[in-house]
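The values are calculated or read from the model by the stated rules, or taken from the named source; none is laboratory data. Keep in mind that this is a model prediction, so the values were computed, not measured. FYI the Cβ positions are ideal-geometry reconstructions off the backbone, even for glycines, and counts take in every protein chain you see.
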Amino acid sequence: MRTSTGARAGQYVALLAYLVFLAFPLLWLISTAFKSPRELGSLHPTWIPRHPTLANFRQAFDEQPLLHAALNSLLAALGAALIAVVIATPMAWVMARRRTLLARAATGWVVVSQAFPFVLVIIPLFLVLKNLRLIDSLAGLVLVYVVWSLPFALWMLVGYVRAVPPELEEAAAVDGAGRLRTLVSVTAPLLAPGIVATALFAFVTAWNEFFFALVLLKTPEKQTLPVVLTHFIGAEGVADLGPLAAAAFLAILPSLIVFALIQRRITGGMLTGAVKS
Amino acid sequence: MTSVTEVRRPSSRAPSRGHPRRTHDHAAWFLVLPALIPILVLSVGPLLYGVLLAFTDSQSGRTAPTQWIGGLNFRDLLHDTLFWESFRIGLVWAVGVTVPQFLLALGLALLLNQDLRLRWLARALAIVPWAMPEVVVGIMWRIVYNPDAGILNETLHNLGLGNGRDWLSSLTTALPAVIVVGVWAGMPQTTVALLAGLQNTPRELHEAAAVDGAGAWRRFRTVTWPALRPVALAITALNLIWNFNSFALVYVLTNGGPGGRTRLPMLFAYEEAFRYGQFGYAAAMGCVMVAVISVLLAVFLVGRLRGGDDS
């Protein structure tokens, strides 16, 4: 389409403004992470550290059990992602292929659960997990994360299932394959890329989660990375900026890598989900 | 219970028609159960349990049995001025974040839908906040807002706009400052949703309108917006809910301070439940939050949908 040069220039100026708004806090975080304590105390901070140093990273690891917390986060996120896709994929298939009451109720739950107020859920959840003796344990947290990531996982997977032509499954059924055989050997392989994307998304959601972890985990050795990160901020709100920035920078690397891998699939999954339902 | 596949099944299978429908249902239940049980135990159950709790005097770590107290919690809540102040802040926050978020995301989505250089970079950056833990977003902006080592005050100083201030601990600037962070953090979901909506608008219509000599604004109003409306409504409604329920960002940025100026209802209820142990009272707060938000949302959606019929 024709666009005048003036309009084009305006578009580029606007795009540049967006780039600055989106990028500057991140760049500043990285810059701060590599500055020495003396430079952080100086009156006029600069974008490029004058004497880049790794001292903040060393100090961050000394002050808080970051590695241990990262391991906890990793276990919780991996467990949640694996369980979520294993139980969500069959359900998504039913929701996509059947028009039963059950499938409709499940779709309704997916929508309504987006509006769930966490306050109303967290207190009973706390009590239920306490009765199941799963409070203050990673296993309990994993269960909560599974349920919590299910709505979006189902939403994405239903889109992917709909993209698989039902004729393929029918053909397998005609050839004498049972329903489950068909599902496992025909549908699942075709869904594989979508399942991987969904698992990665559930992984990032769990890796980033804070509220449930804050409420459900009390023992310091069991806490996940986001909870431990808040320990860098003192009771009075005073924080040692260097180590804080260094630890925060390290904490986003895994999810950034995962997101780089699935960026296209997430937008794609949202597209199919939005269009087809 | 008939489904498309059943109707289309080839007639050669007709002899075995006796019980496929029943095996069908068994299979469906078998497939759904692994997900259904956790959903019932950890999502639907707790929600109902939470509503019941609001009518009890449940407290943490108490030995005496919990008792029904009817609407007492709600009567107390009605006179709890601190809660309503927090509620007001929550509404200001939710609307203050959602509206700019929508306008900014719409602008960005329109730009990303154009054939511009650097589009890939903007696309990638627009997704980044989504990949970051909210705790890290909060920490990052604390460093930006830091009165001494922060880039904001330094930039203002360099531009000759004064010496800046302590944004997060000043009574007047704390709420606007956290709202800016909320807008930044929520850009990806909104942009992605709107971009998806834009890519579904019919290109031919757009070109036809351009040929007819419609300007950019008219093309947007007559072609783009009608197609985008459903997506825009859905994402705005969701944003309102998500933002009203937001917790981690403000917990890290200000923890509700200074003087309660940024104490969102979620922070308030969290403290009530897990610092003071008033489970029943906090559950009542949750109920009130859900009820008010549902009503507001219903009014918003009905109003918008009706507006659509007029135009």
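A few notes on this one:
- Qualifying residue in segment A:183-192 (condition: farther than 15 Å from A:Val85 by Cα and polar (S, T, N, Q)): yes
- Condition check for B:Val181: in a helix (DSSP H, G or I) and in contact with a Phe, Trp or Tyr (Cβ under 7 Å, 6 or more places away or on another chain): yes
- All conditions in (1) within 12 Å of another protein chain (Cβ to nearest Cβ); (2) surrounded by 22 or more Cβ atoms within 10 Å (Cβ to Cβ); (3) in contact with a Pro (Cβ under 9 Å, 6 or more places away or on another chain) hold for B:Trp167, with the sole exception of (1).
- Looking only at residues in segment A:109-125 that are in a helix (DSSP H, G or I), within 16 Å of B:Leu53 (Cα to Cα) and out of contact with any Leu (no Cβ under 7 Å at 6 or more places or on another chain), the one that is farthest from the other protein chains (Cβ to nearest Cβ) is A:Ile122.
- Some residue of segment A:60-70 being part of a helix (DSSP H, G or I) and in contact with a Ser or Thr (Cβ under 8 Å, 6 or more places away or on another chain): yes
- Restricting attention to segment B:94-108 and to residues that are surrounded by fewer than 22 Cβ atoms within 10 Å (Cβ to Cβ) and not aliphatic (A, V, I, L, M), the residue that is farthest from the other protein chains (Cβ to nearest Cβ) turns out to be B:Gly96.
- Pairing residues of segment A:128-139 that are under 13 Å from A:Val215 (Cα atoms) with residues that are among the hydroxyl-bearing types (Ser, Thr, Tyr), at Cβ distances under 7 Å and at least 6 apart in sequence or on separate chains, gives A:Asp136/A:Thr219.
- Residue check, B:Gly107 outside the structural domain of B:Ala185 (by TED's automatic domain parsing) and not in a loop (DSSP other than H, G, I, E, B): no
- All conditions in (1) surrounded by 22 or more Cβ atoms within 10 Å (Cβ to Cβ); (2) more than 9 Å from every other protein chain (Cβ to nearest Cβ); (3) over 23 Å from A:Val119 (Cβ atoms) hold for A:Val204, with the sole exception of (2).
- Within segment B:154-175, tally of residues that are assigned to a helix (DSSP H, G or I) and in contact with a helix residue (DSSP H, G or I) (Cβ under 8 Å, 6 or more places away or on another chain): 1
- Segment A:38-54, subset surrounded by 15 or more Cβ atoms within 10 Å (Cβ to Cβ) and either in contact (Cβ under 8 Å) with a residue 40 or more places away in the chain or in a helix (DSSP H, G or I) (or both), residue nearest to the other protein chains (Cβ to nearest Cβ): A:Leu40
- Residue in segment A:225-236 that is under 14 Å from the mean Cα position of the chain (by Cα), of a type outside the set (D, E, K, R) and under 16 Å from A:Leu138 (Cβ atoms) present: yes
- Residue check, B:Pro147 free of Cβ contacts under 8 Å to residues at least 60 places away in the same chain and within 12 Å of chain A (Cβ to nearest Cβ): yes
- Any chance B:Ala131 is modelled with pLDDT under 90, surrounded by fewer than 21 Cβ atoms within 10 Å (Cβ to Cβ) and out of contact with any strand residue (DSSP E or B) (no Cβ under 9 Å at 6 or more places or on another chain): no
- The residues listed here are B:Ala209, B:Ala214, B:Ala193, B:Ala174; of these, the one that is under 30 Å from A:Leu43 (Cβ atoms) and crowded, with 16+ Cβ neighbours inside 10 Å is B:Ala174.
- Matching option when the condition is under 18 Å from A:Ala245 (Cβ atoms), in the same structural domain as A:Leu250 (by TED's automatic domain parsing), surrounded by 15 or more Cβ atoms within 10 Å (Cβ to Cβ) and in contact (Cβ under 8 Å) with a residue 40 or more places away in the chain, among A:Ala76, A:Ala60, A:Ala80: A:Ala60
- B:Asp76 over 25 Å from the mean Cα position of the chain (by Cα), charged (D, E, K, R) and over 29 Å from A:Ile262 (Cα atoms): yes
- A:Val158 β-branched (Val, Ile, Thr) and within 25 Å of A:Ala199 (Cβ to Cβ): yes
- Count of segment A:173-191 residues which are free of Cβ contacts under 8 Å to residues at least 12 places away in the same chain and either crowded, with 16+ Cβ neighbours inside 10 Å or not assigned by TED's automatic domain parsing to the domain that holds A:Val94 (or both): 3
- Residue-level check: of (1) under 16 Å from A:Ala23 (Cα atoms); (2) of a type outside the set (Lys, Arg); (3) touching a Leu at 6+ places or on another chain (Cβ under 6 Å), B:Val135 misses just (1).
- Selection of segment B:273-294 for residues being of a type in the set (A, V, I, L, M, F, W, C) and facing another protein chain (nearest Cβ under 7 Å) yields B:Ala273, B:Phe274, B:Phe279, B:Ala282, B:Ala283, B:Met285, B:Cys287, B:Met289, B:Val290.
- Of the residues making up segment A:118-148, those that are buried (at least 18 other Cβ atoms within 10 Å of the Cβ), of a type outside the set (A, V, I, L, M, F, W, C) and within 19 Å of A:Val227 (Cα to Cα) number 2.
- Helices (runs of 4 or more DSSP H) completely within segment A:140-232 that count 1 or more residues being of a type in the set (Ser, Thr, Tyr): A:179-182, A:188-208, A:225-230
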